[in-house]
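Okay, so here's the structure we're looking at.
The values are calculated or read from the model by the stated rules, or taken from the named source; none is laboratory data. Quantities reported herein were computed from a predicted structural model and do not represent experimental measurements. Glycine also receives a Cβ, built like all others from the backbone with ideal geometry; neighbour counts cover every protein chain displayed.
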Amino acid sequence: MRKKNNKRKKFKMKKRYIVILIIILFVAFSIFKNKQTNQEDKKIETESIEKRNIAQSISATGTVSTSTTRNVTSILTGYKITSVKVKEGDKINAGDVICTFDTSDISANLASLQKSMNVTQAQSNLGVDSARRNLNDAINNKNNQISTTQQDINNAVKSYEEAVNKLNETRQALINAQTELNNYTPSYNNASDNYNGIKALNDSKQKAYNNAQENYNSGLSILATSEAEYKKYFNGANQLNPATGEIIDPSTYTGYASSEHKKAEENYNTAKSNLLELESNLKNAKKVYEDYKPICDNTFATFNPISNHYLELTKKVSELQGAVSTLEATVNNLKGVYDGAVQAHNNIVSNSDSTIANMQDSLRSSELSASISTESQESQIRAYQKQLEEGNLKALVSGTVTSVNVKKGDIYSGNTIATIEGMEQFIIEAEIDEYDIPDIKEGMKVLIKTDATRDEELEGRVIYTAASSSQNLSGSMLGQNSMNSNISTGNATYKVQIELLTQNDRLRLGMNAKLSIIVDSREDVWTVPYETVHDRENGTKYIEILKNEETGEKEELDVEVGIEGTYYIEIKSEKLTEGMKVVLPEIDTSNSIESLIEAMGADVGV
């Protein structure tokens, strides 16, 4: 702590000398400027408003440290150290041997245990192999059965779909045939009605002809009967004796010989007269029938193809109706066959899956038993193997050996064997004041300078910020922002770690480093010196723009401000253009020294 305080005193003295030198130069410059002012008219000083990259930072000091310090220990407590391969100050790499142990007993125990485990494992493997074969057999059997049932399903589906397609085709054919029959029926009915009317008339005429033929034939029969009866009584003009057949002497009677003669003659004459009438009726009926028959025949000739086509359509519809009924029954039957095949397939899958699950459980049980049977042995083997590895104790990190606490022949008791500082992986540790710590986030860019690395600016990034404060450092310099530095007395501080992204061989542990932590930045923004931004009473800000260099005419331009850099500040306004010049404030030599000291911060005061 005393050494650290001495360093801080030296740092403050150095800064005081710098400030005194700056003040002397400033006073000399002011005297020269005043003389020049008295000799010349005052000239307005300006600076061009330009776009720049600007950054806001927090300044601090830190110490070069490392995150890879390792205390080397071993698990081989109670074992003899046979050699020590390093000494203090040695630079070693990860993997280099630190020391060796006598592990002959461990090797013997490991060989015996491995032999015992091999026997146990072979016995366990037999049970596992048997369970695995049973599982594979069950899986193969399932696959074979599923292949067969799936083929049955495929065949059933094919037959069912073919039958459904045939049924749909037949139904469509039936619809088409029924439509054709329905469309043809009116024509058929008209032709049928016409034909039936003519046929009925023809039939009536034929019937009248047949009746006339029958009546004529009946008249012929009556005539033949009456003629035969007449001939019994008459022979020509002579009357006959019906008993003897002899001619009766006309002188012996007047008129007829008897009433029978008269009746026979009357009947005969009536029959002849009727026959003549019947013959006339027959001729008339025959003529009427024969005259009308060609009309009926022509009508039939026209109607016959219509009737035949109608009958064909009717027959086709009937046949298709029968085919639809048959196919519907076939489809229903094939649907049942398909459902049965699916059910059989599902039963096979379910039963096979159940069998396979049992086989899998059996395999897992065998594997678990095998694993448990050798688990303790494997654990002990791993422990022996790890101990053997520790027999050649190796460094886990690269660095410098800063201490060695054992020697050859020691019985290791578990203490630290050696300590290694990771010289190749430096970090910077710094304490940041409570005022600035909320603005610092992990990942922020850091610019680093050290006395050892001269003017080279190293780059780093914040990798850690403490959640709770470190011990208060009363009266010490804790943190600085980009504008000034402050002496914090009694303020809480927080540890920050910074990873070095730029390596340098001149760095050593414990060196001091100056840090600029970039908390915000802007690229290509309008900037002016921050002392050229003025405040109004209403809170708005403005800068003075030189409108005419010859007349010195100035104009106020309202601006908004952004982040502050070391000398420049970001400004925003829609009226800003290239070539504008901002008026710099005049330097008042009466209080310039005091202002300079105040601006540089209290910790640089004389």
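Conditions (1) at pLDDT below 85; (2) small (Gly, Ala, Ser), marked per residue:
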{"residue": "Pro529", "(1), (2)": "no, no"}
{"residue": "Thr540", "(1), (2)": "no, no"}
{"residue": "Ile543", "(1), (2)": "no, no"}
{"residue": "Leu546", "(1), (2)": "no, no"}
{"residue": "Gly565", "(1), (2)": "yes, yes"}
{"residue": "Leu584", "(1), (2)": "no, no"}
{"residue": "Ser590", "(1), (2)": "yes, yes"}
{"residue": "Ile597", "(1), (2)": "yes, no"}
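Of the residues examined, Lys514 is one that is closer than 30 Å to Asp451 by Cβ and assigned to a strand (DSSP E or B).
Of the residues that sit in the range 370-417 and are among the aliphatic types (A, V, I, L, M) and within 50 Å of the chain's Cα centre (by Cα), which one is farthest from Ala122 (Cα to Cα)?
For the range 370-417, the residue satisfying everything is Val397.
Does Ile543 satisfy the criteria of being farther than 14 Å from Gln56 by Cα, surrounded by 12 or more Cβ atoms within 10 Å (Cβ to Cβ) and touching a helix residue (DSSP H, G or I) at 6+ places or on another chain (Cβ under 6 Å)? Answer is yes for this residue.
Look at the range 494-518: where a residue is among the charged types (D, E, K, R) and a partner is assigned to a loop (DSSP other than H, G, I, E, B), sitting 6+ places away or on another chain with Cβ atoms under 6 Å, you get Lys495/Ala466; Lys495/Ser470; Arg506/Ala452; Arg506/Thr453. For the range 422-452, filtering for residues that are under 48 Å from the mean Cα position of the chain (by Cα), modelled with pLDDT of 90 or more and part of a loop (DSSP other than H, G, I, E, B) leaves 6.
Has the range 223-235 got any residue that is surrounded by 12 or more Cβ atoms within 10 Å (Cβ to Cβ), modelled with pLDDT of 90 or more, within 28 Å of Ala208 (Cβ to Cβ) and not hydrophobic (A, V, I, L, M, F, W, C)?
First, the residues of the range 223-235 that are surrounded by 12 or more Cβ atoms within 10 Å (Cβ to Cβ): 223-227, 229-235.
From what is left, the residues that are modelled with pLDDT of 90 or more are 223-226.
Subsequent filtering for residues that are within 28 Å of Ala208 (Cβ to Cβ) retains 223-226.
The next check asks that each one be not hydrophobic (A, V, I, L, M, F, W, C); those that pass are 225-226.
Checked against the condition, which is being surrounded by 12 or more Cβ atoms within 10 Å (Cβ to Cβ), modelled with pLDDT of 90 or more, within 28 Å of Ala208 (Cβ to Cβ) and not hydrophobic (A, V, I, L, M, F, W, C), the range 223-235 yields at least one hit.
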